[in-house]
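The values are calculated or read from the model by the stated rules, or taken from the named source; none is laboratory data. What you see is a predicted model, and the numbers here were worked out from it, not measured in a lab. Please note: Cβ atoms are built from the backbone with ideal geometry, for glycine as well, and neighbour counts cover all protein chains shown.
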């Protein structure tokens, strides 16, 4: 654990290139060295510049998810439950792909910060190779055994029958999603979050347009219901992949030196497979463990009936709007921390992490208040089924209470991953989900048989635990050892 610097040293101007504080504040100011306040303002500007396109991109994803459920809810409650069960497995499959994305950003951002674009290309090539292999395996197994997987979660027979074709189409789309996500990680590593936003806009239009046509039978097309939603998802992922691939290979773009891959890059990338795997498995394991915990949590909810499962699916999508800011800012923090460490600027990396956490809280808190006040009208806008609205109202309120803690652990986890520390977020997920959420949910739901509001309440313990753990870990600065430096950062 690093020692705290003297207060006088903290007040002195800092020279990023040298990694030391100036012994003479007056001379430093005259020489144009930025003050601590100026460094903070620069960090805020960098975070916001990278975060706002990522936030809008996440907003589009959330809008698609919410509208998707809204459309599916017009079919039947069983269809909403079927979509919710499928989402759990799609998110589980995304766990491995998310881990590879995290590793890709960490290695590429570090390489670019060190001025080594060739190594960044090799990392992207290796990440693509691993992403395709992982996605094909996941999709093949899921498509082959849909009923068995849905049965594990305790889905009712009628829900399983409704879910099978949608399940296969959605899980099959994960192959296209994997490649697009990896290329997007390359753009993010090069500090370009605007182009992924443009692509997300196009994919959103395709998904929602096809949803309307295929689910309800517009434009003289047969109404396919839930199957139509699955076809729309698959088509949208294919469009996203085509756009990312074509733009990544386009000459003349600032990122072309990093994203235009050759056979030589794929050959050289084999040397980075071990490093990527070392960074990816904890991030993938984190997602797998979280989704494994959600499986058990879902099993507890299933014992309360399909209406409760439907309430969960609607509530999570509604409250996802309040997660947009910390998710986007987390993406910015990961890139900035990684590039700062590549330049051996440990103080700049720590500053980016803490400023990002501060910004995520500032943006997320007003959104929580909004959703808490409007939870009943929002619930009623999705369904008129009182058996769904009744459990949905307290769930939205309790999950809203957890939002400040969720914002903090989202952002700090992103900063740690950018620093190459993917194990600490893994441990926080184990603590929050497997020590608190799952055991408490099993206790109140299956042992004590309390009302479902007690099961909802376990979510708060999960997010509080993870926020405290990650804040403590980031403050310790053990991640600074990745560049051979340990020093207490400027806040």
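Summary of values
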{"item": "Tally, over the stretch 148-168, of residues that are under 18 Å from residue 229 (Cβ atoms) and either under 27 Å from the mean Cα position of the chain (by Cα) or outside any helix (DSSP H, G or I) (or both)", "result": "8"}
{"item": "Among the residues listed as 210, 234, the single one being closer than 30 Å to residue 123 by Cβ, in a helix (DSSP H, G or I), over 20 Å from the mean Cα position of the chain (by Cα) and at pLDDT 85 or above", "result": "234"}
{"item": "Unique residue being assigned to a loop (DSSP other than H, G, I, E, B) and in contact with a helix residue (DSSP H, G or I) (Cβ under 8 Å, 6 or more places away or on another chain) when the list is 224, 197", "result": "224"}
{"item": "Of all residues making up the stretch 388-419, the number that are farther than 17 Å from residue 330 by Cα, in a helix (DSSP H, G or I) and in contact with a helix residue (DSSP H, G or I) (Cβ under 7 Å, 6 or more places away or on another chain)", "result": "13"}
{"item": "Filter result for the condition that a residue is out of contact with any helix residue (DSSP H, G or I) (no Cβ under 7 Å at 6 or more places or on another chain) and touching a residue at least 24 places away in the same chain (Cβ under 8 Å), over 342, 277", "result": "277"}
{"item": "Test: residue 88 is touching a helix residue (DSSP H, G or I) at 6+ places or on another chain (Cβ under 8 Å) and surrounded by fewer than 24 Cβ atoms within 10 Å (Cβ to Cβ)", "result": "yes"}
{"item": "Residue in the stretch 423-443 that is in a loop (DSSP other than H, G, I, E, B) and either at pLDDT below 90 or surrounded by fewer than 17 Cβ atoms within 10 Å (Cβ to Cβ) (or both) present", "result": "no"}
{"item": "So residue 151, is it touching a helix residue (DSSP H, G or I) at 6+ places or on another chain (Cβ under 7 Å), within 30 Å of residue 295 (Cβ to Cβ) and free of Cβ contacts under 8 Å to residues at least 12 places away in the same chain", "result": "yes"}
{"item": "Search result, residues across the stretch 268-300 that are modelled with pLDDT under 85 and within 14 Å of residue 85 (Cα to Cα)", "result": "291, 292, 294, 295, 298, 299"}
{"item": "Residue, surrounded by the fewest Cβ atoms within 10 Å (Cβ to Cβ), within the stretch 369-383, restricted to residues that are out of contact with any helix residue (DSSP H, G or I) (no Cβ under 9 Å at 6 or more places or on another chain) and within 17 Å of residue 66 (Cβ to Cβ)", "result": "377"}
{"item": "Filter result (farther than 30 Å from residue 477 by Cβ and in contact (Cβ under 8 Å) with a residue 12 or more places away in the chain) within the stretch 348-367", "result": "367"}
